[in-house]
Amino acid sequence: MSPRWGEVASFWSQAVLTAIWRRVAASYADTFAILASNGVIDPALAAALANLATLRNRLARGYGTVDIERIWVSLPNGLAALDAFAAAIAARIEAD
């Protein structure tokens with residue numbers, strides 16, 4: 001899986017927010033929270049994706065030091081969240 005899938009998920013989410021609800025989120029985490037509040041994804045999934053976005057920001061921007069143990073623990077959950085996000089969006093598209 002490409003390391004940019006989290007960014008793809010956020011970009012897709014921003015496009016949906018703009019096109020359908022005419023909203024622009026303040027952050028990646030806000031993007032997923034808005035999707036959850038509109039019933040597009042589950043709130044627990046939105047929280048998991050927000051955590052992944054935080055991890056992505058730490059890695060991409062180098063905030064402080066990178067805690068390898070934290071990455072080792074967080075990354076599997078983040079990848080599972082991306083899989084769940086893809087499944088939720090696919091189900092939504094099929095339902096519409």
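The values are calculated or read from the model by the stated rules, or taken from the named source; none is laboratory data. Please read these numbers as outputs of a predicted model, since none were measured by experiment. Don't worry about glycine lacking a Cβ; one is built from the backbone with ideal geometry, like all the others, and counts go over all protein chains shown.
Considering region 47-68, and only residues there that are under 20 Å from Thr31 (Cα atoms) and of a type outside the set (A, V, I, L, M, F, W, C), the residue that is surrounded by the fewest Cβ atoms within 10 Å (Cβ to Cβ) turns out to be Arg61.
For region 30-78, give me each residue that is of a type in the set (A, V, I, L, M, F, W, C), out of contact with any Leu (no Cβ under 8 Å at 6 or more places or on another chain) and in a helix (DSSP H, G or I). Across region 30-78, the qualifying residues are Ala33, Ala44, Leu45, Ala47, Ala48, Ala50, Ala53, Leu59, Ala60, Ile68, Trp72, Val73. Picking from residues in region 11-38 that are exposed (fewer than 14 other Cβ atoms within 10 Å of the Cβ) and among the hydroxyl-bearing types (Ser, Thr, Tyr), the one that is modelled with the lowest pLDDT is Thr18.
Working only within region 1-10, note down all residues that are aliphatic (A, V, I, L, M), part of a helix (DSSP H, G or I) and modelled with pLDDT under 65.
Val8
Could you grab me the full set of residues in region 24-73 that are of a type outside the set (A, V, I, L, M) and over 16 Å from Phe85 (Cβ atoms)? Passing the criteria: Ser27, Asn57, Arg58, Arg61, Gly62, Tyr63, Gly64, Thr65, Asp67, Glu69, Arg70, Trp72. Cβ-Cβ contacts under 9 Å between residues 6 or more apart (or on different chains), taken from a first residue in region 75-90 that is surrounded by 13 or more Cβ atoms within 10 Å (Cβ to Cβ) to a second residue that is outside any helix (DSSP H, G or I) and among the aliphatic types (A, V, I, L, M), are listed as Leu79/Met1; Leu82/Met1; Ala84/Ile41; Phe85/Ile41; Ala88/Val40; Ala88/Ile41; Ile89/Val40; Ile89/Ile41. The single residue among Ile71, Ile41 that is surrounded by 12 or more Cβ atoms within 10 Å (Cβ to Cβ) and either basic (Lys, Arg) or without any contact (Cβ under 8 Å) to a residue 40 or more places away in the chain (or both) turns out to be Ile71.
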